[in-house]
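The structure appears below as structure tokens.
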Amino acid sequence: MDTSPRRRATRTKLYEAAVTLIAEKGFSSTTVDEIAERAGVAKGTVYYNFASKNELFEELLRHGVGMLAQSLQQAADTALADNGTRVDALDSMIRAGLEFIDRYPAFTQLYVAELWRTNRAWQSTLRTLRRQVVTVVEDVLRDAVATGELNDEIDVQLTASALVGMVLVAALDWQAFQPERSVDDIHAALSLLLQGRVSGS
């Protein structure tokens, strides 16, 4: 596959166009013509990069979730490199998740909506991608348990899912119903919840 900077830039434009349109109109109502027009490219360019609308959407999910997982991992790594605790790393991941959602609200809405659908061709891909994000959080929780920072009775898998879900739902609620609040404000509220309910401090 051609991975030149120009090809990557074109694919990013197509992702951005597709995610906005699909968030606005739904997957079935969005056409390849509309995606091409919104991206400012010829229809043939869409098919040069993706075999079908389904493939474009599946790759869009991979692209977006990959960016989210990477931002969470970087946040945790930075916190730990600065001599932070594992709970500090989790807190940094919450912040990174909120910043990602603030930057890509249409993708987040789409991702959450698709998680609950059961009739999509990309359902298995979506499950794999969800694991990718949750695993980043699980790894930090496991380390925290192993070092005695968190209680070993914690259900790591469920707690990781709960933390990811908390950020997604709280952020979507913020975007839809409390848009006047800042990232700092929302992070502070979730940080208190983390410190009180997870670390027990």
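Since every read-out is calculated from the coordinates, none of them should be taken as a lab result. This one's a predicted model, so the numbers in the text were calculated from it and none came from an experiment. Neighbour counts run over all protein chains shown; Cβ positions are idealised from the backbone, glycine included.
Computed values, structure above
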| quantity | calculated |
| --- | --- |
| Relative contact order (%) - the range 104-201, alpha-carbon pairs under 8 angstrom, separation at least six | 27 |
| Cβ charges +1 (Lys, Arg) and -1 (Asp, Glu), total dipole of the chain, debye | 920 |
| Net charge over other residues, Cβ less than 13 angstrom from the Cβ of T20 (K, R count +1; D, E count -1) | -1 |
| Calculated FRET efficiency for the pair N83/V183, C-beta based, R₀ 25 Å, to 0.05 | 0.55 |
| At least 18 Å along the helix axis (C-alpha) and Kyte average at least -1.0, DSSP helices within the chain | 5-25, 53-81, 86-103, 123-146, 156-177 |
| Local electrostatic count, V167, Cβ distance below 12 Å [Lys/Arg +1, Asp/Glu -1] | -3 |
| Positive-pole candidate from L68, A17, L163, dipole of the chain, charges at beta carbon | A17 |
| Taking the range 1-155 and dividing mean pair separation by its residue count, relative contact order in percent (alpha carbons under 8 Å, at least six apart) | 23 |
| Structure-based [θ]222 nm, the chain - -39500 (n - 2.57) summed over DSSP H runs of at least 4, per residue, nearest 500 | -25500 deg cm²/dmol |
